[in-house]
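Enquirer: Below is a structure I'd like to ask you about.
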Amino acid sequence: MNNMDEKLFQYYLELKSPEAGVWNTSPQCIHTEMKTRDYIRKSFAITEGMQVCNVGIGTGDWDDYLGYWIKDKGNLTSIEIDKETCEIFAYRQAREGHPNPSKVICKSIFDPDLPEGNFDIVTLIGSAINEIGEFEKCLDSCFSLLKQSRYLMIMANLKYSPFEVIEEYIRKTDHLLEKHDIYDDFPEYPFYICKIKK
Ligand SMILES: C[S@@+](CC[C@H](N)C(=O)[O-])C[C@H]1O[C@@H](n2cnc3c(N)ncnc32)[C@H](O)[C@@H]1O
């Protein structure tokens, strides 16, 4: 086994490890993934040549889905600060034969050299908004990636990223909250998904 295959094998094992497996196999996790995937496909039209960007790869499951969703029409770019995460994600997509692999940019969302005004949709999903920190600066950077009048989609846990903070941010900007939905089927893991127009 070469070094990257060994790392990939460890990545697969980690997903099923007792620690990660508790969450990954839970109805709460499956519910958030299902709702989030369903939300994007119902809330956004796929257009010819569309450019989508996800910020924060993590396990890369969301990026995999986005690539399939826009396959044949558009391209995905994934921005991720962690070099190891970027390498294993790009290698895994190649090894698994993903038909529309993401272009990985291994940089912080705060990097001054990110492409500006380039994307039709930017997504910020799960714990990304919390992990990245510097909430307003993070949203400013996400919006600067977008073309004018295009969309940021955020999905986050209500307990760790209260929706009021998003509302307060929007009040201070010219952006428009077009849609937001609260999901509390599992009250111990309530989350929201919203669509904000630049
Ligand atoms: C836990 S993941 C969640 C993302 C994924 N969408 C999900 O739902 O599984 C958050 C990712 O954000 C990345 N991250 C943290 N700070 C960042 C930054 N400043 N710029 C870009 N990515 C960052 C972390 O390395 C991590 O891979």
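The values are calculated or read from the model by the stated rules, or taken from the named source; none is laboratory data. Remember, predicted model here, so these are calculated numbers, not experimental data. Every residue, glycine among them, receives a Cβ derived from its backbone with ideal geometry; neighbour counts consider all protein chains shown.
Enquirer: Which residue out of Phe186, Phe135 is within 14 Å of the ligand (Cβ to nearest atom) and touching a helix residue (DSSP H, G or I) at 6+ places or on another chain (Cβ under 7 Å)? Break it down into steps so the answer makes sense when it comes.
Expert: Working: Phe186 fails: within 14 Å of the ligand (Cβ to nearest atom).
Going through Phe186, Phe135 in turn, just one is within 14 Å of the ligand (Cβ to nearest atom) and touching a helix residue (DSSP H, G or I) at 6+ places or on another chain (Cβ under 7 Å): Phe135.
Enquirer: Across the range 156-169, what is the total count of residues that are touching a Cys at 6+ places or on another chain (Cβ under 9 Å) and more than 18 Å from Gly56 (Cβ to Cβ)?
Expert: Final tally of qualifying residues: 1.
Enquirer: Condition test on Ile193, is it assigned to a strand (DSSP E or B), surrounded by 13 or more Cβ atoms within 10 Å (Cβ to Cβ) and touching a His at 6+ places or on another chain (Cβ under 9 Å)?
Expert: Values: assigned to a strand (DSSP E or B): yes; surrounded by 13 or more Cβ atoms within 10 Å (Cβ to Cβ): yes; touching a His at 6+ places or on another chain (Cβ under 9 Å): yes.
Yes.
Enquirer: Right, next: Assess whether Lys179 counts as being closer than 24 Å to Ser43 by Cβ, modelled with pLDDT of 95 or more, touching a Cys at 6+ places or on another chain (Cβ under 7 Å) and surrounded by fewer than 19 Cβ atoms within 10 Å (Cβ to Cβ).
Expert: So Lys179 fits the description; yes.
Enquirer: Look through Glu48, Glu19 and report the one residue that is farther than 24 Å from Lys137 by Cα, in contact with a Lys or Arg (Cβ under 8 Å, 6 or more places away or on another chain) and more than 9 Å from the ligand (Cβ to nearest atom).
Expert: On the way: Glu19 fails: in contact with a Lys or Arg (Cβ under 8 Å, 6 or more places away or on another chain).
Answer to the selection: Glu48.
Enquirer: Moving on. Just a yes or no: is a residue in the range 20-31 of a type in the set (A, V, I, L, M) and either touching a strand residue (DSSP E or B) at 6+ places or on another chain (Cβ under 8 Å) or touching a residue at least 24 places away in the same chain (Cβ under 8 Å) (or both)?
Expert: Checked the range 20-31: no residue is of a type in the set (A, V, I, L, M) and either touching a strand residue (DSSP E or B) at 6+ places or on another chain (Cβ under 8 Å) or touching a residue at least 24 places away in the same chain (Cβ under 8 Å) (or both).
To keep it simple, each residue is scored yes or no on (1) under 27 Å from Glu6 (Cβ atoms); (2) within 12 Å of the ligand (Cβ to nearest atom); (3) not charged (D, E, K, R).
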{"site": "Trp69", "(1), (2), (3)": "no, no, yes"}
{"site": "Lys73", "(1), (2), (3)": "no, no, no"}
{"site": "Ile79", "(1), (2), (3)": "yes, yes, yes"}
{"site": "Glu84", "(1), (2), (3)": "yes, yes, no"}
{"site": "Ala90", "(1), (2), (3)": "yes, no, yes"}
{"site": "Ala94", "(1), (2), (3)": "yes, no, yes"}
{"site": "Gly97", "(1), (2), (3)": "yes, no, yes"}
{"site": "Ile109", "(1), (2), (3)": "no, yes, yes"}
{"site": "Glu116", "(1), (2), (3)": "no, no, no"}
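Enquirer: Among the strands (runs of 3 or more DSSP E) contained in the range 44-129, which hold 1 or more residues that are within 20 Å of Ile196 (Cβ to Cβ)? Steps first, answer last, please.
Expert: On the way: elements: 51-55, 75-79, 103-105, 119-125.
Of the strands (runs of 3 or more DSSP E) lying wholly inside the range 44-129, those with at least 1 residues that are within 20 Å of Ile196 (Cβ to Cβ) span 51-55, 75-79, 119-125.
Enquirer: Further question: Looking at Glu14, Glu6, Glu48, which is the one that is charged (D, E, K, R) and under 15 Å from Gly67 (Cα atoms)? Let's see the steps before the verdict.
Expert: Numbers: Glu14 fails: under 15 Å from Gly67 (Cα atoms); Glu6 fails: under 15 Å from Gly67 (Cα atoms).
From the options Glu14, Glu6, Glu48, the qualifying one is Glu48.
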